[in-house]
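> First the structure, which I've put down as structure tokens, then a few questions once you've had a look.
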Amino acid sequence: MTQPVLDIRNLKVDFMTRRGVAHVLDDVSFTVAPGELLAIVGESGCGKSMTALSVLGLVPTPPGKVVGGSILFQGRDLAQLRRSDMRKIRGGDIAMIFQEPMTSLNPVFTCGEQIAEAVRLHQNVSPGAAHARAVEMLRAVGIPEPELRANAYPHQLSGGMRQRVMIAMALSCQPRLLIADEPTTALDVTVQAQIFSLLDELRHKTGTAIVLITHDMGAVAEMADKVAVMYAGRIIEQGPADAVLDSPGHPYTRGLLASIPRVYADPDADLPEIPGIVPALTDLGRGCAFEPRCPLAINACHAAQPRHVAMSANHSAACIRLKTGEVLA
Ligand SMILES: Nc1ncnc2c1ncn2[C@@H]1O[C@H](COP(=O)(O)OP(=O)(O)OP(=O)(O)O)[C@@H](O)[C@H]1O
């Protein structure tokens, strides 16, 4: 089996808040292999972005802190690295793209200058070679007339083009891992599809592993190899994408999938939604955090945190109503 690029084990992140300690990440574990795309899904506030920030060494400390577990990247534990070492990895071996490219791009430099700067920060090349690399990357992400566009300032480009520039910058140092946190949310639907297919194409070409945080289940179904479903700071289900999407085990995953609009559905029918809201992370009880909203809850769900039950190869869900190898009716 190929060695994973990223191997997160039992990661715990706490935040000190006025209402007490919030367990923002609790026992999060997953792996991503070279060229693999793992999608992290779940409602707002369940810990998806915090997982990404932990890998990048960007958990705001204080009030947050990694309090347990390990983040093995190519065998090195990022949770133990000094800030200066982490800075060398960030933007180099591990790259990231975020929701709104305008907040990450500098308005006073041209796109070409910014990509060239990123290249020179992590690779020992001449200014001329870095500029050539910037143009080559702009071409690779499908920007027309890249020699000309390299001289454009971010505000002179459309939102979709800016996100392509961000992807070009992120991939210019040939990272082993790309973290994409809601990379298409600010874009219109057709451009979203183009950006997703660009990411998919590039990871197949370059072997870069991707952790994709998204609400877009269509993109997940199309591109993801694996899916991790998060709820209240925990991964409550994970497995191969088709297994999770076709035979979801956890009642939460089922609710999440049922609430996606479908093209051929009856337009007059109400879209089912998961009742209730995500609980505050400062007052989670002893039992399953989803229990108050769960249609299948029984008394025993209050008693203890459910363990992951294996449903099939590499597919598991944390629900006591599941028995090994069984899918709930
Ligand atoms: N500075 C902070 N202080 C206290 N709690 C915080 C802080 N930043 C984030 N959190 C908490 O951490 C939890 C996880 O947040 P995170 O941003 O990872 O959620 P998310 O799943 O990415 O949501 P979204 O889809 O809205 O981006 C949330 O409950 C949030 O309230």
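> For a quick check of your reading of the model, give me the residue pairs whose first member lies in segment 106-133 and is in contact (Cβ under 8 Å) with a residue 24 or more places away in the chain and aromatic (Phe, Trp, Tyr), whose second is surrounded by fewer than 16 Cβ atoms within 10 Å (Cβ to Cβ) and not in a helix (DSSP H, G or I), with beta-carbon atoms closer than 8 Å and at least 6 apart or on different chains.
Short answer, once both residue conditions are applied: Phe109/Tyr153.
> Can you pull out every residue in segment 220-265 that is touching a residue at least 60 places away in the same chain (Cβ under 8 Å), in contact with a helix residue (DSSP H, G or I) (Cβ under 6 Å, 6 or more places away or on another chain), hydrophobic (A, V, I, L, M, F, W, C) and farther than 17 Å from Ser44 by Cα?
Met223, Ala224
> Take the residues in segment 170-205 that are among the hydroxyl-bearing types (Ser, Thr, Tyr) and either at pLDDT 90 or above or crowded, with 20+ Cβ neighbours inside 10 Å (or both); name whichever of them is farthest from Ala132 (Cα to Cα).
Among residues in segment 170-205 that are among the hydroxyl-bearing types (Ser, Thr, Tyr) and either at pLDDT 90 or above or crowded, with 20+ Cβ neighbours inside 10 Å (or both), the one farthest from Ala132 (Cα to Cα) is Thr184.
> Check Leu11 against each of (1) crowded, with 19+ Cβ neighbours inside 10 Å; (2) within 11 Å of the ligand (Cβ to nearest atom) and name the one condition it does not meet.
(2)
> While we're here: Filter segment 57-71 down to the residues that are closer than 17 Å to Val211 by Cβ and surrounded by fewer than 19 Cβ atoms within 10 Å (Cβ to Cβ), then identify the one that is modelled with the lowest pLDDT.
Leu58
> Hey, another quick one. Is there a residue being in a helix (DSSP H, G or I), more than 16 Å from the ligand (Cβ to nearest atom) and farther than 22 Å from Thr31 by Cβ anywhere in segment 265-278?
Within segment 265-278, not a single residue is in a helix (DSSP H, G or I), more than 16 Å from the ligand (Cβ to nearest atom) and farther than 22 Å from Thr31 by Cβ.
> Check every one of the helices (runs of 4 or more DSSP H) wholly within segment 164-261 and list those with 3 or more residues that are of a type in the set (Phe, Trp, Tyr).
none
The values are calculated or read from the model by the stated rules, or taken from the named source; none is laboratory data. Predicted, not measured: the structure shown is a model, and the values here were computed from it. Every residue, glycine as well, gets a Cβ built from its backbone with ideal geometry; the counts of neighbours run over all protein chains shown.
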